[in-house]
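A short write-up of the structure that comes next.
The values are calculated or read from the model by the stated rules, or taken from the named source; none is laboratory data. Quick caveat, the model's predicted, so the values are computed rather than measured. Neighbour counts are summed over all protein chains in view; Cβ atoms, including those assigned to glycine, are modelled from backbone coordinates with ideal geometry.
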Amino acid sequence: MAVTNQWSLFGLDLGRVADKCRLGVNQLLWGDEAGLRNRFYPHTYTTSEGAASLDPYAKLTSTRLPSEAKLPVALIFPSDLTLTKSLHLPLEAEVDLDSAMHFEVASHSPFSSQETCSGWRVISRDDARLHIELVIAARSSLMTFCEEQGVVFGGQEDFCEVWAEADAGLVQIEGFGGQVRDTIYLNLLATHTKKVILCLIAVSLLLLLPGAMLATRAGQLQDVLATTESEAEVATSARNTLVLREDQVRAAREFFANRSLYDRWLNSLAEITPDSVYLTRLGLEGDRLTISGMAVNAAEYQTVLAASGSVVELSAPSAFTRDQRSGLERFTLTMRLAGNQ
């Protein structure tokens, strides 16, 4: 039965967001693009000659180093004993890549689930697709090969890594020694992260020290300023009063600068409007005028306004209607004075 994620916020699937965050961390730690794995992942010894030059991602060397005493031995499983498949999946599938690859393994493996060993690796990605190498092998063949190489199993899987040859590089078979080097790698990253954090804290303290000195100096200057202000209280009060008046004058000028000359509105409208027109409402909003009233012929009055040249953007937001009692037409017109454009 499918499990439905109930965690959401304003319609946003928080579970999906968490999956994408985990994907970003996974790409940072294990992807080739970030470079952390290539820089900090430890090398290990392999019995296959020349394997170190095959794939830098695997970090294998044919020379045993003293630091590799606690690292597992790596074996290269020959390609003629594996099934290899190149897959191209949509980029969106990387969020659920583990589930997708388990399905691919189950779909393409000719062996039973207990007999199937597999591994996969993201070779490259672009804006639209993922290039993945999938390797499938029989567990019995793999065990036989390892025993031929001198590795006897009996709880020793953690001390032997198995890598399979694929077209685009080496692919690690899951379940064989992968946790040892991964743990060392993560511990090494944690150590470097702590060092970086300590360096950042030290740099922050060095940056804050001048600020603390400046704050102390500022406190001293503040005391001097308070003494000076107390000695010049009368002058300061007069200066503040002048500044306040200046701000008030500036605000008044700005307020009246964009005000329309409403008397010119009314005079112009009175000159244009004939005696047969009665205005019942006049509304001013910024530079836009709305008038309502009654006229013997509202359309004729609208024509008179338009022909006067004193108004622009003249329009009737509603149809003219005739009043049954007075016989006059009710109208509403909106306009702007030509001089306010």
Notebook entry, point to check: Has region 79-96 got at least one residue that is at pLDDT 85 or above, in the same structural domain as Ala58 (by TED's automatic domain parsing) and assigned to a loop (DSSP other than H, G, I, E, B)?
Noted result: yes
Item checked: Those residues of region 243-273 which are surrounded by 10 or more Cβ atoms within 10 Å (Cβ to Cβ), modelled with pLDDT of 75 or more and of a type in the set (D, E, K, R), in sequence order -> Arg245, Glu246, Asp247, Arg250
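Residue-by-condition table, conditions (1) under 30 Å from Leu36 (Cβ atoms); (2) modelled with pLDDT of 80 or more:
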position: Lys194; (1), (2): yes, yes
position: Ile197; (1), (2): yes, yes
position: Leu200; (1), (2): yes, yes
position: Leu206; (1), (2): yes, yes
position: Gly211; (1), (2): no, yes
position: Thr216; (1), (2): no, yes
position: Val224; (1), (2): no, yes
position: Ala232; (1), (2): no, no
position: Thr236; (1), (2): no, no
Notebook entry, point to check: When you look at Val196, is it aliphatic (A, V, I, L, M) and surrounded by 11 or more Cβ atoms within 10 Å (Cβ to Cβ), yes or no?
Noted result: no
Next item on the list: Out of the residues in region 78-96 that are under 22 Å from Ala58 (Cβ atoms) and without any contact (Cβ under 8 Å) to a residue 60 or more places away in the chain, state the one that is surrounded by the fewest Cβ atoms within 10 Å (Cβ to Cβ).
Entry: Asp80
Notebook entry, point to check: Do you know which residues across region 97-108 are more than 18 Å from Trp163 (Cα to Cα) and surrounded by 14 or more Cβ atoms within 10 Å (Cβ to Cβ)?
Noted result: Leu97, Ala100, Glu104, His108
Notebook entry, point to check: Among the residues of region 1-57 satisfying the criterion of being aromatic (Phe, Trp, Tyr) and under 27 Å from Val162 (Cα atoms), which is modelled with the lowest pLDDT?
Noted result: Trp30
Next item on the list: Considering every residue within region 129-139, establish whether at least one is free of Cβ contacts under 8 Å to residues at least 60 places away in the same chain and over 20 Å from Leu97 (Cα atoms).
Entry: yes
Check: From the set of residues in region 166-178 that are outside any strand (DSSP E or B) and out of contact with any Pro (no Cβ under 9 Å at 6 or more places or on another chain), which is surrounded by the fewest Cβ atoms within 10 Å (Cβ to Cβ)?
Finding: Asp167
Item checked: Subset of region 274-295 (residues that are surrounded by 14 or more Cβ atoms within 10 Å (Cβ to Cβ), of a type outside the set (Asp, Glu) and assigned to a loop (DSSP other than H, G, I, E, B)) -> none
